[in-house]
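J.: Before anything else, here's the structure in question.
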Amino acid sequence: MKIRVQKFGGTSVATSERRERVVHHIRQALNEGCRVVAVVSAMGRKGDPYATDTLLDLVSENGESLSSREHDLLLSCGEIISASTLSSLLNREGIPNVVLTGGQAGIITNNRHTNAQILTINPTRVKNELEKGKVVVLAGFQGKTTDGEITTLGRGGSDTTATALGVAIEADIVDIFTDVEGIMTADPRIVEDASPLDAVTYSEICNLAFQGAKVIHPRAVELAMQTNVPIRVRSTMSDHPGTLVSSTHEKNQLAGEVSDRLITGITQVANVTQIKVPAGEGQYDLQLKVFKAMSENDISVDFININPSGVIYTVFDHEADQAEKILRSMDLTPSLMSGCAKVSVVGAGIAGVPGVMSKIAEALTEEDIPILQSADSHTTIWVLVPGENMVQAVRSLHRKFGLHKVQMMY
Ligand code: ADP
Ligand code: ASP
Ligand code: MG
């Protein structure tokens, strides 16, 4: 018997009309002869009554008063409410089902509250319920420690619940249902003519997701990649098959074929501060001091550039003040530029291909967008630009690489 995991994101369960679509997709999988695990997120977005951000707002007015353990207890309720609501709809339709919390589904995490990592999954209970012919409605984004404490997996963590469980129960496929038709060449909220991609490799989407494309959580992709469970990212509101994410070696295994493309997409991360720390005369250990201090204070650094005249790196805007204070307390004289954006051109095909950087320089120079810093790997070229130029930079790069013309093969 085939097992299908279907994950429904916050917007997919936000209204009764959308929840009817969720029931439709579950019924369709059942009709195809699959056993179904439906993983759900909390309903809606900030402002909606039971959304994760709304639950956070309940306590944010009291300052930092909630401990991380209780924070997880609070947030786990959003997914449980959503799962129970879906259960009642399935009951109405005569579809036997059972709701499980992450802990009840055997998802064991470490005790890093608010951002816990899954250690193991014991899928016995889920398998037993499936064998009884029930749809398992699983509250996403949560697990429990070996001591039975409830934990949450970090923002966007329901994707991770879905693929981790998919791996544990050897699902045929994990469907990530969301509010777009699939993975696109850029965030459609920024680039109106972004093209949907019919198939991408795990590593292509990992690169996009790590560089800011929040359509799927990168950790979720990494987990699926370990055992080659295919993922489809698709829209709750349509029956379109969406984007197939699989490994290059099994490129024809389902409907899509992974083509040899140069650039997969353009993505962006906003609210980044560039920090430049000049080195004193003959000061060769500057990088050691700076990065040790950042690490001791739990500040994560990115876009690192070390040269004899000093070190340059970025931190998120919300950690910039703290970083500056630390550097000044060490008698250093940093200069900071906040509100920058890291724009990434991602494509497994760029390795060794001449002319990619030249096109990037052309696109940004034509629009008078300053490049504050750049770096590259065999799959990605990053540029740091002033925040006010972010949208323009993403759009011009998207156009320069012809990504608005990418054709679906379905
Ligand atoms: P969900 O609540 O279903 O998990 P998310 O908001 O986490 O949904 O992810 C879907 C959103 O991801 C889309 O609405 C879209 O704006 C955004 N997004 C960012 N980059 C991309 C991309 N390259 N392709 C598709 N969507 C993207
Ligand atoms: N509800 C959680 C969040 O908003 C988890 C998720 O939706 O994946 O981050
Ligand atoms: Mg999400």
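J.: Any idea which residue in the stretch 32-53 is least open to solvent (accessible area, probe 1.4 Å), counting only those that are of a type in the set (D, E, K, R) and closer than 21 Å to LEU90 by Cβ?
T.: ARG35
J.: A further question on this structure: Which condition number in (1) of a type in the set (A, V, I, L, M, F, W, C); (2) within 16 Å of ligand 2 (Cβ to nearest atom); (3) within 16 Å of the chain's Cα centre (by Cα); (4) open to solvent by less than 10 Å² (accessible area, probe 1.4 Å) is the one that VAL137 fails?
T.: Looking at each condition in turn, VAL137 falls short on (3).
J.: Restricting attention to the stretch 143-167, which residues are polar (S, T, N, Q), within 15 Å of ligand 1 (Cβ to nearest atom) and out of contact with any His (no Cβ under 6 Å at 6 or more places or on another chain)? Can you show your working first?
T.: In the first step, residues of the stretch 143-167 are kept if they are polar (S, T, N, Q); the result is 145-146, 151-152, 158, 160-161, 163.
Subsequent filtering for residues that are within 15 Å of ligand 1 (Cβ to nearest atom) retains 152, 158, 160-161, 163.
Passing the criteria: THR152, SER158, THR161, THR163.
J.: Checking SER195 against (1) small (Gly, Ala, Ser); (2) within 30 Å of GLN392 (Cβ to Cβ); (3) more than 8 Å from ligand 1 (Cβ to nearest atom); (4) open to solvent by 10 Å² or more (accessible area, probe 1.4 Å), which test does it fail?
T.: Answer for SER195: the failing condition is (4).
J.: If we scan the stretch 378-390, do we find a residue that is over 22 Å from the mean Cα position of the chain (by Cα), closer than 20 Å to ASN207 by Cα and not hydroxyl-bearing (Ser, Thr, Tyr)? Steps first, answer last, please.
T.: Let us first name the residues in the stretch 378-390 that are over 22 Å from the mean Cα position of the chain (by Cα), namely 385-386, 388-389.
Okay, now just the ones that are also closer than 20 Å to ASN207 by Cα, so 385.
Those left that are additionally not hydroxyl-bearing (Ser, Thr, Tyr): 385.
Looking for residues that are over 22 Å from the mean Cα position of the chain (by Cα), closer than 20 Å to ASN207 by Cα and not hydroxyl-bearing (Ser, Thr, Tyr), one finds at least one in the stretch 378-390, hence yes.
J.: Let me ask you something else. Which condition number does THR178 fail, the rest of (1) surrounded by 23 or more Cβ atoms within 10 Å (Cβ to Cβ); (2) polar (S, T, N, Q); (3) more than 7 Å from ligand 1 (Cβ to nearest atom) being met?
T.: (3)
J.: Any chance you could count how many residues in the stretch 1-44 are more than 26 Å from the chain's Cα centre (by Cα) and either at pLDDT below 95 or within 11 Å of ligand 1 (Cβ to nearest atom) (or both)?
T.: Final tally of qualifying residues: 1.
J.: How many residues does the stretch 213-247 contain that are closer than 18 Å to ILE3 by Cα, in a loop (DSSP other than H, G, I, E, B) and open to solvent by less than 40 Å² (accessible area, probe 1.4 Å)?
T.: Within the stretch 213-247, residues that are closer than 18 Å to ILE3 by Cα, in a loop (DSSP other than H, G, I, E, B) and open to solvent by less than 40 Å² (accessible area, probe 1.4 Å) number 2.
J.: Which count do you get for residues in the stretch 155-175 that are open to solvent by 20 Å² or more (accessible area, probe 1.4 Å), of a type in the set (Gly, Ala, Ser) and either more than 14 Å from ligand 3 (Cβ to nearest atom) or at pLDDT below 95 (or both)? Break it down into steps so the answer makes sense when it comes.
T.: Going through the stretch 155-175, the residues open to solvent by 20 Å² or more (accessible area, probe 1.4 Å) turn out to be 155-156, 167-168, 170, 172.
Subsequent filtering for residues that are of a type in the set (Gly, Ala, Ser) retains 156, 168.
Still in the running and either more than 14 Å from ligand 3 (Cβ to nearest atom) or at pLDDT below 95 (or both): 168.
Here the count works out to 1.
J.: Tell me which of these SER67 doesn't satisfy, since it passes every other one: (1) within 16 Å of ligand 2 (Cβ to nearest atom); (2) of a type in the set (S, T, N, Q); (3) open to solvent by less than 60 Å² (accessible area, probe 1.4 Å).
T.: In the conditions (1) within 16 Å of ligand 2 (Cβ to nearest atom); (2) of a type in the set (S, T, N, Q); (3) open to solvent by less than 60 Å² (accessible area, probe 1.4 Å), SER67 misses (1) alone.
J.: Now, a different point. Test GLU93 against the criterion of being more than 16 Å from ligand 1 (Cβ to nearest atom), over 25 Å from the mean Cα position of the chain (by Cα) and modelled with pLDDT under 95, and give yes or no. I'd like the intermediate steps shown before the answer.
T.: On the way: more than 16 Å from ligand 1 (Cβ to nearest atom): yes; over 25 Å from the mean Cα position of the chain (by Cα): yes; modelled with pLDDT under 95: no.
So GLU93 fails the test.
J.: Please verify whether ILE108 is touching a Lys or Arg at 6+ places or on another chain (Cβ under 7 Å) and at pLDDT 95 or above, treating the condition exactly as stated. Even if it seems obvious, please write down each step before you answer.
T.: Numbers: touching a Lys or Arg at 6+ places or on another chain (Cβ under 7 Å): yes; at pLDDT 95 or above: yes.
In short, yes.
J.: Which one is farthest from ASN91 (Cα to Cα), of the residues in the stretch 1-27 that are part of a helix (DSSP H, G or I) and without any contact (Cβ under 8 Å) to a residue 40 or more places away in the chain? Give the steps one after another, and end with the answer.
T.: Step one: filter the stretch 1-27 for residues part of a helix (DSSP H, G or I), giving 10-13, 16-27.
Those still in the list that are without any contact (Cβ under 8 Å) to a residue 40 or more places away in the chain too: 16-17, 24.
Values: SER16: 15, GLU17: 17, HIS24: 14 Å.
The residue in question is GLU17.
J.: Quick check on my filter: what residues within the stretch 42-70 are touching a residue at least 60 places away in the same chain (Cβ under 8 Å) and in a helix (DSSP H, G or I)? Spell out the reasoning first.
T.: Filtering the stretch 42-70 down to residues touching a residue at least 60 places away in the same chain (Cβ under 8 Å) leaves 42, 52, 69.
Selection gives THR52, ARG69.
J.: Quick check: is even one residue across the stretch 107-119 small (Gly, Ala, Ser) and within 16 Å of ligand 3 (Cβ to nearest atom)?
T.: Step one: list which residues in the stretch 107-119 are small (Gly, Ala, Ser), which gives 116.
Remaining after also requiring within 16 Å of ligand 3 (Cβ to nearest atom): none.
Within the stretch 107-119 (the criterion being small (Gly, Ala, Ser) and within 16 Å of ligand 3 (Cβ to nearest atom)), the answer is no, since none of the residues qualifies.
J.: Condition first: more than 17 Å from the chain's Cα centre (by Cα), within 27 Å of GLU20 (Cα to Cα), surrounded by fewer than 19 Cβ atoms within 10 Å (Cβ to Cβ) and at pLDDT 95 or above. Can you find one or more residues in the stretch 251-260 that meet it?
T.: Looking through the stretch 251-260, none of the residues is more than 17 Å from the chain's Cα centre (by Cα), within 27 Å of GLU20 (Cα to Cα), surrounded by fewer than 19 Cβ atoms within 10 Å (Cβ to Cβ) and at pLDDT 95 or above.
The values are calculated or read from the model by the stated rules, or taken from the named source; none is laboratory data. Being a predicted model, the structure only gives us computed values, none of them experimental. With ideal geometry, Cβ positions are generated from the backbone for all residues, glycine too; neighbour counts draw on all protein chains shown. Side chains are part of the model used for accessible areas, which takes the heavy atoms of the whole protein and leaves out ligands, DNA and RNA. Shrake-Rupley method; radii C 1.70, N 1.55, O 1.52, S 1.80 Å.
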